[in-house]
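Novice: Quick one: this structure, given as structure tokens, is what I'll be asking you about.
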Amino acid sequence: MKQIFFLVISLSVLWGCTTGNNPTYKLTTTVSPTGSATILPTKSLFNKGETAVLQAVPNFGWRFVRWEGDLNSTVNPVNLGMTKDYNIIGIFERLNYNLTVTVEGQGSVTERVVTAKTTEYPFETTVELTPTPASGWAFKEW
């Protein structure tokens, strides 16, 4: 009889903790493109009214652009009051670098992009530069 009473009390306590006054909400986050970053927090369930501090942490060579889905913002980190389930996408883009070549004297420098030519070079692009001195000039140094 004691065991049944204990079981009934235990089930009542468990049932009371999971229903009623304090619902939980789910935070689902996605990174786009895949592999470009990490989004914190890694926890996905929050109590009603709890604040989730959403932070985009770009991987090396990437930058955060914006949040999409149930949150449209460029603020990072951002506080999110958990009042419902959220699906949020962190949008990231590769870092680009400008390349400026200045020639002192006469001659030219040609550039050859080993992978593909664009006006800006994405992170980790390999560029081969070849100096071509004009007649009577010699290439000295970079």
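The values are calculated or read from the model by the stated rules, or taken from the named source; none is laboratory data. What you see is a predicted model, and the numbers here were worked out from it, not measured in a lab. All Cβ positions, glycine included, derive from the backbone under ideal geometry; neighbour counts span all protein chains shown. These area figures cover heavy atoms from the full protein model, side chains too; ligands, DNA and RNA do not enter into them. Shrake-Rupley method; radii C 1.70, N 1.55, O 1.52, S 1.80 Å.
Novice: Under a plain spin-label model, where a point goes 7 Å from the Cα along Cα-to-Cβ, how far apart in nm are VAL65 and VAL103?
Specialist: With each label placed 7 Å out from Cα toward Cβ, I get 3.6 nm.
Novice: Can you tell me, using C-alpha contacts under 8 Å and at least 6 residues apart, the relative contact order of region 21-90 as a whole percent? List each step's numbers first, then the result.
Specialist: Details: 140 pairs, mean separation 28.4, N = 70.
Once divided by the residue count of region 21-90, the mean separation gives 41 percent.
Novice: May I ask you to rank LYS43, LYS48, LYS140 by accessible area, largest first, using a 1.4 Å probe over the protein chains only?
Specialist: Working: LYS43 95, LYS48 120, LYS140 170 Å².
Final ranking, largest accessible area leading: LYS140, LYS48, LYS43.
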